Amino acid sequence: MANPRIQLTAVVNRQSSSVEGATPIEKLNVDLLWHIFTMNADMDAPIDSNIPYNARSGTRRVAFSPLTVTWRSSQVCRFWRDIILGSPSLWGRVVDLGVLKYMDEEWREEMLCRTGTAFLCIKFLDCDESAFTKFDVEFAAFLASLLENEWPRINKLNITIPVPIDDPVKDVIRRATQRPAPHLQSFRLHCYSLNYSQRQPPLFSDDAPSLREFHGINFNLQSPWLRNIRIIELSFPSTFSDVLSVLKQMPFLTTLVLHHDIPPLKNTEISSAQIYLPHLATITISHDIRTCVAFLNTLIPPPGCKLFLRTPRWSTRPLEPVPDITHAELPAVQTVLSRYLHAYFEAAKNSEQLSLDVTRTSLILCVYSHSNHSSSSPSSQDFDIAIHSQEAQDATFISFFLRSLSHCRLTSIKMLDLSIHPCSLDPSCTSFIQFLLAFGAVEVLRPSLYALQTIKNLQVHAPIKSIPPNNILFPQLRTIRFRHVREGIATNDSVLAFLSWRRDIGLPIQVVDFITSPWNPRPCDMRRLFSAAEMAGVMVWWKEGEMKRQFLCGSVKKRIKEKGKSETRR
C-alpha cells in the first residue's frame, strides 16, 4: 500500500529550498501539516454543532465532512495542494458516500483515483429518508462497483441504508461481503430489507484476520475471526444462547452492545455457568428488565466495567407487555446490580458526578467522569441505568436499588444530582438514608426542591437509629446548583430554611448557583434574595441574557461582575 512518507519527499525538498521569501502559511512544518490533515480526515470524529457555517454549502454534515474539508484544504495554496494530492492515504480515509452521492460521476472517479492503492475507509450514514424514497439508481451502481472492485483494500466499512434497494445491488453487497477481507478492521452494515441466511456462504468466507470491530448482520457462530474481535454489536434476530456461545469465543472483547431485537431470554437459556471476559470495559444492553438481569448474571464484570442498561417504556413487540420484576425476584436483581456497581466503582477513580432521578414510573442513574483531574475538562457518561415501568414503580424495588448503591465506594463523587418524586419512595426508609450517607465527599448538590426539603427534614427529624450521632449528611457540601428553577423558587422558604440550617450546624453553603437554570429573576426576587438574613455571606451566581453575574449577599457595597465565559459547567 502507498507510503505517505515516501510520497512527501519531493514536497519536503521543495519546502527546504524555498523557505526564504515564503509566506507564513508555507513555513509550517510538513510533519505538522500532515498531522493536521490526518486529524481532519477522521470520519469517526463528531461534528461540532456550534460551528457556524453557510447553509449555501449544503447541510452541516456535508459542509464539515472530512472529505469536504480535505478537498477545500487542497485548494488553500500550492504547497498544501502538493501535500494532499501526494498523499493517497488521506483520500483513502475520507470515502464519504454521503457527500459523493451529490457529486457527478467524473468527480467520484477522480476521488477514487486520488486514493491510489491506499486502504479505504468507506462511510454512508444517510438517515434522511425524506431525501429520497428509493436508492438512486446511478449512485447504487457506483456503490456496487466500489464494493465489487475495491473490496480487498477496504479497511473500514460503515454503511446504513434506510430505504429499499434493488435486488441486483443487494446481490452485489452479499457477494462482496462473502469474499475474504484480508485488511478489513471495522465492519458495520445495516441495509433495509437486506437479509442474510445461515444457508448462504459464510461472511468474509471465514477469512478476516484483521477484523476487530463488528456490527450488524447474521454470521457463522463458529467463525474463526471472532477470536480477534474487540467490539461487537448484535441486533439480528437470534437467541441469547447464541450470544453466550459467541462471547465464549472472544477473549479480547472490550465492548458489547445488545439490542432489543433479540428475543427475550427464556428460562431454558439460563445457564449457571458464568463467563469472564477480562478485557470487557463496556456493556450496553436494551431489553426488558428481567432479560437484562438474567443475561448480566451470566457474566462476571471485571473492575471498572461500564454498564449502560435501558429498559423500554413500552413493549417493542405487539401484544406483548413489558414484563416487570416481581417481589420474589428483587433479591436477584439487587445481587446482579450490586455486582456491576461494585465492579465499576472499584476502579472508577475519575468518577466525579452522579445523577439519580426517581419518578413514579422510572429510575435513572447516571455516573459521569472527567478524562483527567482538571475541573475544566469535559465530562463523559460512564454508567447509565434507566429502568422504566408502564405502571407506578414499586417502592420496594427502589429501596433494593438504593441499597445496592449505598454499599459502593463513592468517595470520588464530588457532585450529586438528585431528583425525587414525592410519591416514589418513603424518604425516611433506612435504604434512602444510607444512600445519602454514602456521599460524604459531595461538594456540589443539584437537587429538586423536594429533595432539598427531604435532606433537611431527615437530618433534623430522623430517628437517631437512622442517622448515627455526629453523622452529617453531605459534610463537604459548599455549593447548591439549581437546574430547573420555577419562578419564586429562589426565595422559597424551603431553600432559605435549608441555608439557615447549614449555617446553624457550622457548615454554611458558600455558593447558590442559578447559571444552568432558565430563571430570569425579577427585581423584587433579587432584592428579597440579596437581603434575606439566611443569605448573608452566600455568593449568588445567575445569568442575565448571555451575561454571567455574581453577587455576595450581605456585602456593604453591591458587587456584581461578569463571570468569564471560558468557565465550563456541567
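The values are calculated or read from the model by the stated rules, or taken from the named source; none is laboratory data. As the structure is a prediction and not an experimental result, all values here were calculated from the model. Every residue, glycine among them, receives a Cβ derived from its backbone with ideal geometry; neighbour counts consider all protein chains shown. Each accessible area value is taken on the protein alone, full model and side chains, heavy atoms only, with ligands, DNA and RNA left out. Shrake-Rupley method; radii C 1.70, N 1.55, O 1.52, S 1.80 Å.
The calculated FRET efficiency for the pair residue 61 and residue 221, based on their C-beta separation and a Förster distance of 25 Å, comes to about 0.10.
Note on residue 109: accessible area is roughly 100 Å² with a 1.4 Å probe, heavy atoms of protein only.
Only protein heavy atoms count here; under a 1.4 Å probe, residue 60 has an accessible surface of about 70 Å². Annotation: amide H-H contacts under 5 Å for residue 230 (H modelled 1.01 Å from N, sequence separation of 5 or more, or interchain): 213. Our estimate of slack between residue 106 and residue 434, defined as 0.36 nm per intervening residue step minus the Cα-Cα distance, is 111.2 nm.
A crude spin-label estimate for the pair residue 145 and residue 242, with each label 7 Å from Cα along the Cβ direction, gives 3.6 nm.
Which sequence of 59, 298 reflects their accessible areas, 1.4 Å probe, from the largest down? Please report the intermediate quantities before stating the final value.
Details: 59 70, 298 5 Å².
From most exposed to least exposed: 59, 298.
Distances between placed amide hydrogens fall under 5 Å for residue 239 paired with no residue 5 or more residues away or on another chain.
Near residue 361, the amide H atoms lying under 5 Å from its own belong to 393; only residues 5 or more places off or on other chains count, and H is placed 1.01 Å from N.
The label point for residue 275 and the one for residue 335, both projected 7 Å from the Cα toward the Cβ, are 2.0 nm apart. Remark: region 495-504, residue by residue, has Karplus-estimated 3J(HN,Hα) of 5, 5, 5, 5, 5, 5, 4, 4, 5, 5 Hz, where x stands for each Gly or Pro and the curve is 6.51 cos²θ - 1.76 cosθ + 1.60 at θ = phi - 60°.
So which of 156/248; 414/543; 248/414 end up more than 29 Å apart, counting from Cα to Cα? Before the final figure, lay out the partial values.
Numbers: 156/248 25 Å; 414/543 24 Å; 248/414 38 Å.
Flagged as over cut-off: 248/414.
Each label point was placed 7 Å from the Cα along the Cα-to-Cβ direction; for residue 536 and residue 42 their separation is 5.4 nm.
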